[in-house]
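Engineer: If you scroll down you'll find the structure; I have some questions about it.
The values are calculated or read from the model by the stated rules, or taken from the named source; none is laboratory data. The structure presented is a predicted model; accordingly, all values stated were derived computationally and were not measured. Cβ: placed from backbone, ideal geometry, glycine included. Neighbour counts: every protein chain shown.
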Amino acid sequence: MKIGKFKFDSKNINKGNFRDIFPEFYLLSGTIENDLWHQNQNVYEHTVRVIFNLERLLDLDFLPNKARVKLKIYLNERIDHHLRKDLILISTFLHDMAKKDTRVIDASGKTSCPAHEVIGGTKVSNFSKRFELTHNEEEIVKKTVSQHALVYDFYHLRHKFTELSRIFELYSTVIGSCQVELVLLFYSDILGSDGNKGAPEEFNICEAIAQRHLKWLSTRV
């Protein structure tokens, strides 16, 4: 996917090649997070890392061949102007846009960004013309941005249900559309975080569940 003269990817984003088109994105470098998943990491840097990891994950080389083929067919489906995998990339680019507006710092210096997902979803329409999104495509991006933290909430249900399949079935029933998109964004999000340092056990568990979840989803798309 190209925006203007350049391929829209982590390399060109990090070079600043889209600064004139998306100036508000580059301002995220001034928003610093400090918690178990972000160790004095600015939101701009984090997002570029998430996009870089998404680009790697879209190869799906961690999945068996049959699952990889089925998910690649799904991800290469064209909605209107864009492929599904392009819409995941756009969603990833926008997923933390509201952190600048929602960051809270407690007395210990720990940060949080309450409701940034839902508030971020309301910002998607500000970017639709710049990405040339149709109404259907905008709705997919809005849902992916506004619900991207729900995957982690569902994975916490492992403390209640011993079988992951029960969690996956519940997730499927509740989420409906964009199930693959949300898991890929979640997986990329943790890989682009500092969770492997701040919460290594949780990081490894979530990565393993995400891989199993994507394999399970490949039988449902």
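Engineer: When you scan region 138-213 for helices (runs of 4 or more DSSP H) that lie fully inside it, which ones turn up with 3 or more residues that are under 18 Å from Asn53 (Cα atoms) and touching a Lys or Arg at 6+ places or on another chain (Cβ under 9 Å)?
Structural biologist: Those helices (runs of 4 or more DSSP H) span 179-191.
Engineer: How do the pairs read when you match residues in region 180-191 that are within 16 Å of Leu87 (Cβ to Cβ) and without any contact (Cβ under 8 Å) to a residue 40 or more places away in the chain with residues anywhere that are among the charged types (D, E, K, R) and surrounded by fewer than 23 Cβ atoms within 10 Å (Cβ to Cβ), using Cβ under 9 Å and keeping only pairs 6 or more apart or on different chains?
Structural biologist: Leu182/Lys143
Engineer: Would you confirm whether or not region 50-61 contains a residue that is over 17 Å from the mean Cα position of the chain (by Cα) and under 17 Å from Val183 (Cβ atoms)?
Structural biologist: yes
Engineer: Could you list all residues from region 82-113 that are in a loop (DSSP other than H, G, I, E, B) and either in contact (Cβ under 8 Å) with a residue 40 or more places away in the chain or surrounded by fewer than 13 Cβ atoms within 10 Å (Cβ to Cβ) (or both)?
Structural biologist: Once the filter is applied, which keeps residues that are in a loop (DSSP other than H, G, I, E, B) and either in contact (Cβ under 8 Å) with a residue 40 or more places away in the chain or surrounded by fewer than 13 Cβ atoms within 10 Å (Cβ to Cβ) (or both), region 82-113 yields His82, His95, Asp96, Met97, Arg103, Asp106, Ala107, Ser108, Gly109, Lys110, Cys113.
Engineer: Which residue, of Thr47, Thr111, is modelled with pLDDT of 95 or more, within 21 Å of Ser193 (Cα to Cα) and in contact with a strand residue (DSSP E or B) (Cβ under 9 Å, 6 or more places away or on another chain)?
Structural biologist: Thr111
Engineer: So, in region 188-210, of the ones that are in contact with a helix residue (DSSP H, G or I) (Cβ under 9 Å, 6 or more places away or on another chain) and charged (D, E, K, R), which residue ends up surrounded by the fewest Cβ atoms within 10 Å (Cβ to Cβ)?
Structural biologist: Selected residue: Lys197.
Engineer: List pairs: first in region 114-137 and exposed (fewer than 12 other Cβ atoms within 10 Å of the Cβ), second assigned to a helix (DSSP H, G or I) and modelled with pLDDT of 95 or more, Cβ under 9 Å, 6+ apart or cross-chain?
Structural biologist: Taking only residues 6 or more apart or on different chains, the pairs are Pro114/Thr102; Asn126/Glu24; His135/Ser128.
Engineer: Let me ask something else. Could you tell me how many of the residues in region 66-114 are of a type in the set (Gly, Ala, Ser) and touching a helix residue (DSSP H, G or I) at 6+ places or on another chain (Cβ under 6 Å)?
Structural biologist: 3
Engineer: Taking region 138-187, which residues are acidic (Asp, Glu) and either buried (at least 17 other Cβ atoms within 10 Å of the Cβ) or within 27 Å of Lys123 (Cβ to Cβ) (or both)?
Structural biologist: Glu138, Glu139, Asp153, Glu181
Engineer: Those residues that are of a type in the set (Gly, Ala, Ser), closer than 19 Å to Arg103 by Cβ and in a helix (DSSP H, G or I), I need them from region 115-137; list them, please.
Structural biologist: Answer for region 115-137, where residues must be of a type in the set (Gly, Ala, Ser), closer than 19 Å to Arg103 by Cβ and in a helix (DSSP H, G or I): Gly120, Gly121.
This table checks each residue for (1) β-branched (Val, Ile, Thr); (2) assigned to a loop (DSSP other than H, G, I, E, B); (3) under 30 Å from Asn204 (Cα atoms); (4) in contact (Cβ under 8 Å) with a residue 12 or more places away in the chain.
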{"position": "Gly16", "(1), (2), (3), (4)": "no, yes, no, no"}
{"position": "Asp20", "(1), (2), (3), (4)": "no, yes, no, no"}
{"position": "Leu28", "(1), (2), (3), (4)": "no, no, yes, yes"}
{"position": "Val48", "(1), (2), (3), (4)": "yes, no, yes, yes"}
{"position": "Arg68", "(1), (2), (3), (4)": "no, no, yes, yes"}
{"position": "Leu71", "(1), (2), (3), (4)": "no, no, yes, yes"}
{"position": "Asp80", "(1), (2), (3), (4)": "no, yes, no, yes"}
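Engineer: Take the residues of region 170-190 that are under 23 Å from Trp37 (Cβ atoms) and either of a type in the set (A, V, I, L, M) or modelled with pLDDT under 95 (or both): which is nearest to the chain's Cα centre (by Cα)?
Structural biologist: The extreme case among them is Leu185.
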